[in-house]
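The structure appears right after this line, and notes come after that.
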Amino acid sequence: MSSAPYDAIVIGAGVSGLAAAAYAARAGKRVMVVEARNKVGGLCETARFGEHFRAPVAAHALYALDPRVVKDLALTRHGLAFAVRDMPSVGLRSDGKHIVLPRNLAAGTRSISIHSRADADAYGAFWRDLFALARAARTLWWEQSAGGERTREMLARLGYRSASAWLDSWFESDALKAMLAFDATAGGATPQEPGSALQLVWRAAQEMCGLQGAAAFPKGGPGALAEALLASAQAAGAEIRTGAPAKRIHANGAVAAVELASGETLACRAVLSSLSRRKTLLDLAGGVSTGFAEAAALARARPRVGAAKVLLALSAAPPFAGVSVPLAGRFVVCDQPGGLAAAHACARAGELPEDPAMEMVLPSAADPGFAPPGQHVLSVLVRPVPLVPVQGWPALKPKLVERVILALERHAAGLARHITAAEALTPSDIEYAYGADDELGGAATAARMLAPWASRVKCAIAGLYLCGASAEPLGAISGRAGRIAAVTLVAEQER
Amino acid sequence: MRYDACVIGAGADGLTAAVALARAGLKTIVIERNSQVGGRCSTREFHPGFRASPFCDELPSIPPPLYWSLGLAQRGVLFVPAPAMLVDRDGIAIRLSGDARRLLAEAAQLRQAALARAAAEAAKPPARRSFFSRPAPARPWPGEAWSERALSDLLGERVADSRAAALVSAVALCGRAADSSLAGSALNLLAPAMDGSGVPMGGLAALAAALEGAARGAGAEISCGLEVTDMRRNGGRIAGVGLADGTQIEARAVVSTLDMKRTFLSLFQWNELAPAVAKQAAGFRMGGGTARVLIALQSPPAQAPGPERFVYFVSGGQAESSAALSACQAGTIPEAPPAAVRLVSAGDPRLAPIGAATLTVTLGCIPFRLFDGAWTKEKRDVLQARALVAADAVMPGVGTRVLAAQVIAPPDFEDALGRSEGDLAGGDITPDQMFAMRPFVEPGGPPPPRTPVDGLYLAGPSSAAGPLGACVSGAVAATAVIADIGAGRLK
Amino acid sequence: MMDVRATPFHARTAVLNPGNAWTSRNGFTLATAYGDRDAEALAARTTAAMADISWRWRLRLEGERAGEFLSRLCTKNVAALSPGVALKALWLSDGGGVRGAGAVARLGPAAFTLYASAPDREWIGSAAARVGVAVRDVSDEDGGIALIGPYAAQILKAAGLDPALEPLSFRRMSWRGLDILLSRFGEHGGYELWCQAEEATVVWDRMMRAGVPFALQPAGLAAMDVLDLEKGIVRPVRDYEPARTGFAAGPTPASLGLERLIDAGHMPFNGRAAWLAARERETQRLIGLALESQDDLPNAILLAGGQAAGHTLACGFSPALRRTVALAQVHAGFAEPGTEFTLVSPAGPVPGRGTELPFLPDSGQIPP
C-alpha cells in the first residue's frame, strides 16, 4: 500500500487514458496510469506485420482527435507529425466509376456527375449545410456547454431521422448514398436507424490539422500518437505502469482504492476509467453503488454487431481499375445502401455478410516506413460483422479474410496475386487484446449523442469518471473525453 | 354548389369530421369514390352466405369522449373486446402477463395524452408569422420519449416473461413489416395496429352505418360514387375540389382523409405545390406489409387453445420474424409470415351460415411490390397457403374444411381504399414521421392537421392523430377548420 | 383453468366461513370475515384473535453474499443481524420510489427469509442472480397464523409453547412432534406461528383448543386490515401503488409515512442517493383522519378550505374507536394535526379532522 493516496488513477493507457492523465498531471495532481498490456497506446498501435512490413493494428486513420488536446499537451513538440493531413474519401465501385471526394468541391462534383448530374449539383449545398450544422454543434460536442437553442432543436430533429432517409432527401444515386451511409454505421448502428444521421454530423464536426471533417494519417501510424501522448503525460509528471491490469475498484459511495490483479492496492481519491461503462461499473466496481435498475440496463444493453480488421501485405500497389484514385486516401467499399441494412441483419443473426462493407487505408502510400519500396500494406476495417457468430470466430476467421479478398478482387482485379501476407483481427481478438468491448455500451442513439458531457463522464459513484469511448458521443480515437473527464475531476477536487 | 367544408373520403375519419363540422353549423359535403361509405369499415359477402371485413377486423380504439359525443352507443355500436393470445409453433398458448398489461395501459395513457395534445394544437389558429418572429421551441409530445427506444429493448425491460413480450410485440406490429430491434420501433406500441378495443357487434359495417347516420342526422351531405381528382385554388388558397366528371365543388375548407402521398401527389399538379412540400410528400415513407385472407369453413374447426372469440397470433420466435422481415425487404413472400387468426363467426353468428364458420387471417411482412413482377394468381395462392398453415397451427384441421377463400393482397388495399402502397397506417411509424413531424418535417411549420396549403386539412392516417386512434383524426381536423373559420382565416 | 390457490388452513377456515365471504390476496383465497368483522377486530384488542397469514410472500435467500446483497437491497443493515433476529425495512427503486416493505429474518450465516405483503420477485430475483445469491419463493411451503391480542402469550403457554420472545426475533422449535417457527414480526404486538403445510390443520386445531378459555376468535382478512388502519400502516398494492419501473421516483417513503423504516446512516442501499435528493423536495405527508361517520367510506378526495388537499389511501370504520378513520396523503401545508378536511364521498361530503398516527396504540383500551 502506498503512503499517500494518489489524486487520480487512470485505468487504461490508450489515447483517452493518456490524455486524461496528462491533463490531470498538468493541473498538479499526482496521477498513476495502470495499463494491462505491456505497451501503451490501446487501439492506436503500429506493429510489425510479416517480415518487412508495419501496420496499424486497430485504428488506421484519425479523424476525431481533439485539437485542444493536440495544442494543450503540445503533442507536436513531443513528436506527433502527420504524413497525410487530409485524406480524400474514395468510394470504390466494382464498375470502375469510383467517387473521389477530396476537400476541393469541384473535383468531388466532377466525380459524382458520372453517376448523377442532379446529385453533383446538390453535393455542394449538402456539404455546406452539413458543415455549417456541424460547426454549430461543436458547442455541444467539444465543450461542456449546452449549445445554442436553435442548434439543439435542429440536432434534435435530425436525431429522429435515419442517415438513409436524410441522404435520400438530398441525393438520388445509390452510389453516393451508399458511400456516405457507411460513415453512419459506427457503434453497431444501421443507416436505417433513427439517430444515424447525427453520426454524419458528428464526423463533420471534427477537425484534424485545422481542417474540418478531415481524416489524417500520422507519420509512423497511430502508434506515433500514442508515443507523443506518453511523452507528454510523463513530462507532466504522470506515472505510467504497464503490465498492471486493474482488477477491482474499491468504493463505498466514493472511490477509495484500485486493486490490481497482482493484489497490490493503490489508494486514490479518484479513478478515471477508459474502459466501457459496463465493464467499469459492473466488473471493476463489482456492481456496488450501481442501482439495480441501472445495472440491469447495462447488463442488458449488449451491442449487436462489431467490426473486424484485416491486414494485407501487397507486393505491388493495388491495381484499381477505372477512374484514377489517390492512393493516400480513405477508401470505402460499399456498393449498395440497402446492402448495409441486409449486412447488418446478417451480422445480427450471427452470420458473416456475403458482401462485407469495408473501409481501407494504404498506410504505405502515406508513410514509406510501412513497407519496402514498391510494396504496400493494406489495412481493412470490416463493418458490420457479427460479434458472436454462430460458427464461432476461429472457424469464421479464414472466411472473413477470404470474403474481404474476394470483395477487393471485384474492385481491383488481380489484387489477390499481389498478396504476400494476411492477418485478421476479429472482434473477440480486439476485445481480448485491448479490453475494448462494446465501445459504446449499446448503439449510438441520438439521446446519447445529444446528452451533456457530464451524463456520460460521471457515474453514481463519487470520484469515478469515464474517459474512454463510452464517454464520447460516438466512440472514436479522440482524447476529448479524457480531457473533459480530467477537467471535471480537477474541478471537483478543488471544491 | 358552395359549401363551407368538403371532406374527401367517407371512411371512419371522414364521417367523423363531417359530423363535427355539420354540428358546428357548417355546410358540409362528403365525397366518396366507392358506391358505399365506410372505407376500411365494411363487411362483404366473399362467398355465398359468408361475410367478413376484408381489410381489417378491428380498428384502434375510439377515444371514449368521442365515442359518447358521436352517440355511437345509442346507435347500437357496442364494442366487444377481443383478448389476444400467442400460439407458438409447439401449440403452447400464452396470454398477457400483469406487467405486459401495465405496459399496454401506460401506452394507452400516452396515446390519450398525445391525442389531447393534437386536439389542443388543432384548436389554436396558427399565429401570424412575422419576419422577425422565431418559432417557439416545441414541447415534447407525450410518448416522444419512446422515439429513442427499440420495441424489443423496451419489452425486455418492462415485461419479464419473454413470451408475453412476444405477444405484446405481435399485437402492436400486427400486419406491419417493422423491425422491432431498431431504435424508434417502440413507437409501434404507441400507435399499434390493434389495441384490443374490440369489434363492434354487427361488424365494422355497423360502425360505418352508425357514423353515416350521425353525419346525415347532423345535416351533412354524403355523395358516393364520385371521385375527387384535383383541388381548385384561388391564389394560394384552396377554393374547392374538382370531380372526375368535371363538376366543381366550391368549399372554403377541404379536409382530406387520403394519405399524405395521395393527397399531395395525385390531387395537385406538379407545379402547384411549393418544391419543398412536393419533395417532402415524395420523401414520406410508407410502411405497409398487410395482406388478408378470408376463409369460409364448412364446419367450425376443432378446439382452439382458448375461447374462440380470441385473436390468435402465431409466432415462431425471433429468427422467424427476422427471416420474414428480410424476405419482405427483398420483395418476396416470407416462408412464415407473422399471422393473426380470428374466428370471426364465433363472436358474430351473422357472419356465417348455421353450422359453418368464417375465419380471417391477417398476414404481416408481405411486400407491396414483388421483386419479380405483379401479384398474379400464383402469388395470391401462396398467400392463401401461408394463411392456412398459420390457421392450422392454431386450430388444427382447418385445412380440410375450407370451402372457399379470398385473398386481399397489398395492391388491393391501394385499389379499394386508396391507401398508398397498401399501408393502413398511412406512413411508416418512425420517429421522424410521428407527432409534430407527421407528416411535415418543416420546423416552425403549421402544426398538424393544417398543411402548408391554406384551406387544406389533413385527416386520415397520415395526420398526427391518425395512427393513435380511429375516427379521432377527423374530429381533430374538424376542430381546426372550425377554429380557423372562427378566426376569420378562411374566406 | 386456474386452480383456486388455497392456503394450508383452508380446510378449517372454510368450515368457519359459512357466509362464504372470500377474498383474494397475492393469489390466495382467504376468508374476508368469519362472522362479524368488527367483532374480530375488537377481539384482537380485547382478548385474542387468530388470522391465517399464509398469503404473505416469503422469499428465501441463500448464498455467501446474501447478507451483503440484502444490505444493498434494504434500507437497513441486514448483514449485521444475528441469527434468530429480524428487522423491518423498505426496498427502493433506483429513483428512490418505494417498491416494497417487509421483514428480513436471518436464519443462519448465509440464509435469510424475506417476509412481505406483496411480491416483487423479478426485481429481487434478477438483482440477486447477478451476485450469485439463490432466491426461492417459499410461500407455498408453509402456512402461518398470527395470534394477536392481550392474551396471546397466555394462549401460547396453554398450548405448550414458550412465549418468551423479543419483538423482531424468532425461534424454531419442536411442538409435540411438529416443527414450527415462532416469531414476532407483526406490527400489532402479537406472535406468528409458521408450520409445514401438511401439518397446518393440526396446528390450527391445537391453537383453537388452547384458546377456548381465553375467548380466542378466528379473524378474517378484513379485520386484519382494520388493525393496520388503526395503527397507521400502509401496505403496497392494497393501499398504494408501489414503484413498478426501475427508475421510478414515486411513491416516496415520506409521503407514505415509511421513513422510520429507513436507516439514513446505512450507506449502500439501492436508491439512497435519489431518496436523499427527493427528501428536500418532498411535499406530501401521511396523516390520519378521523371522520364524522359510522360508515365504511371508500377512498376519496379530500378538500380543505375549498382546495384539493390530497386523497385517502385507506378508509374504514374502526370498531375500537367507533368512528370511520382514514389514512390520507396530503400536501405538507395541511399536515398539521387538527386541520379540518372534507371527504368527498358518493353519499355527500363528510367532515373530518387530521390526527396524529397511530390512532390507537397496541392492545389499547376501548374509549368510553
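The values are calculated or read from the model by the stated rules, or taken from the named source; none is laboratory data. These numbers come from a predicted model, not from an experiment. Positions of Cβ are backbone-derived with ideal geometry, glycine not excepted, and every protein chain shown enters the neighbour counts. These accessible areas exclude ligands, DNA and RNA; they are computed on the full protein's heavy atoms, side chains included. Shrake-Rupley method; radii C 1.70, N 1.55, O 1.52, S 1.80 Å.
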message: Scan segment B:170-177 and tell me whether some residue there is part of a loop (DSSP other than H, G, I, E, B), in contact with a Lys or Arg (Cβ under 9 Å, 6 or more places away or on another chain), open to solvent by less than 40 Å² (accessible area, probe 1.4 Å) and within 14 Å of another protein chain (Cβ to nearest Cβ).
response: no
Counted residues in segment C:292-301 being touching a strand residue (DSSP E or B) at 6+ places or on another chain (Cβ under 6 Å) and either at pLDDT 90 or above or not in a strand (DSSP E or B) (or both) come to 6
When (1) aliphatic (A, V, I, L, M); (2) at pLDDT 90 or above; (3) buried (at least 16 other Cβ atoms within 10 Å of the Cβ) are applied to residue B:351, the one that fails is (2)
Of the residues in segment B:393-414 that are at pLDDT 90 or above and of a type outside the set (A, V, I, L, M, F, W, C), the one that is nearest to residue B:32 (Cα to Cα) is B:414
Picking from B:117, B:149, the residue that is within 12 Å of chain A (Cβ to nearest Cβ), at pLDDT 85 or above, surrounded by fewer than 24 Cβ atoms within 10 Å (Cβ to Cβ) and closer than 27 Å to residue B:62 by Cα would be B:149
Residues of segment A:259-299 being out of contact with any Ser or Thr (no Cβ under 7 Å at 6 or more places or on another chain) and part of a strand (DSSP E or B), in sequence order, are A:260, A:265, A:268, A:271, A:272
Counting only residues that are in contact (Cβ under 8 Å) with a residue 24 or more places away in the chain, within 12 Å of chain A (Cβ to nearest Cβ) and open to solvent by 30 Å² or more (accessible area, probe 1.4 Å), segment C:247-268 contains a total of 3
Looking across segment A:448-495 at residues that are among the polar types (S, T, N, Q) and farther than 23 Å from residue A:70 by Cα, the single one that is least open to solvent (accessible area, probe 1.4 Å) is A:493
Log entry, pairs with first residue in segment B:89-118 being on the phi > 0 side of the Ramachandran plot, second being at pLDDT 90 or above and among the polar types (S, T, N, Q), beta carbons closer than 6 Å, six or more apart or on different chains, reads none
Wholly inside segment A:155-226, helices (runs of 4 or more DSSP H) that include 3 or more residues that are within 14 Å of chain B (Cβ to nearest Cβ), open to solvent by 10 Å² or more (accessible area, probe 1.4 Å) and under 25 Å from residue B:432 (Cα atoms) are A:163-170
Given (1) within 14 Å of another protein chain (Cβ to nearest Cβ); (2) open to solvent by less than 20 Å² (accessible area, probe 1.4 Å), residue C:277 misses just (2)
The residue that is farthest from residue C:123 (Cα to Cα), considering only those in segment C:46-92 that are open to solvent by less than 20 Å² (accessible area, probe 1.4 Å) and charged (D, E, K, R), is C:52
Within segment C:286-325, the residues that are of a type outside the set (Gly, Ala, Ser), open to solvent by less than 20 Å² (accessible area, probe 1.4 Å) and in contact with a helix residue (DSSP H, G or I) (Cβ under 7 Å, 6 or more places away or on another chain) are C:319, C:325
Residue count, segment B:28-79, condition open to solvent by less than 20 Å² (accessible area, probe 1.4 Å), more than 30 Å from residue B:231 (Cα to Cα) and in a strand (DSSP E or B), comes to 2
Can you confirm whether residue C:277 is modelled with pLDDT under 95 and in a helix (DSSP H, G or I)?
yes
Among (1) touching a residue at least 40 places away in the same chain (Cβ under 8 Å); (2) within 14 Å of chain A (Cβ to nearest Cβ), residue B:181 falls short only on (1)
Per the filter on segment A:269-296, residues within 14 Å of chain C (Cβ to nearest Cβ) and open to solvent by less than 30 Å² (accessible area, probe 1.4 Å) are A:278, A:281, A:285, A:286, A:287, A:290, A:291, A:292, A:293, A:295, A:296
Of the residues in segment A:29-85, those that are part of a loop (DSSP other than H, G, I, E, B) and not polar (S, T, N, Q) number 32
Taking segment A:227-268 and the residues there that are in contact with a Lys or Arg (Cβ under 9 Å, 6 or more places away or on another chain) and of a type in the set (D, E, K, R), the one that is farthest from the other protein chains (Cβ to nearest Cβ) would be A:239
The number of residues in segment B:288-301 that are modelled with pLDDT under 90 and crowded, with 24+ Cβ neighbours inside 10 Å is 2
Considering residues that are farther than 22 Å from residue C:139 by Cα and surrounded by fewer than 16 Cβ atoms within 10 Å (Cβ to Cβ), the number found within segment C:168-206 is 2
Exactly one of A:79, A:147, A:91, A:108 is open to solvent by 10 Å² or more (accessible area, probe 1.4 Å), among the small types (Gly, Ala, Ser) and more than 14 Å from chain B (Cβ to nearest Cβ), and that residue is A:79
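Only one of B:320, B:250, B:272 is farther than 20 Å from residue B:407 by Cβ, surrounded by fewer than 20 Cβ atoms within 10 Å (Cβ to Cβ), within 14 Å of chain A (Cβ to nearest Cβ) and of a type in the set (D, E, K, R); which?
B:320
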Among strands (runs of 3 or more DSSP E) entirely within segment A:331-447, at least 1 residues that are surrounded by 22 or more Cβ atoms within 10 Å (Cβ to Cβ) and modelled with pLDDT under 90 occur in A:376-386
(Q) Criterion first (open to solvent by 70 Å² or more (accessible area, probe 1.4 Å) and within 14 Å of chain A (Cβ to nearest Cβ)) does residue C:244 satisfy it? (A) yes
Within the bounds of segment A:83-95, is there any residue that is free of Cβ contacts under 8 Å to residues at least 60 places away in the same chain and out of contact with any strand residue (DSSP E or B) (no Cβ under 7 Å at 6 or more places or on another chain)? no
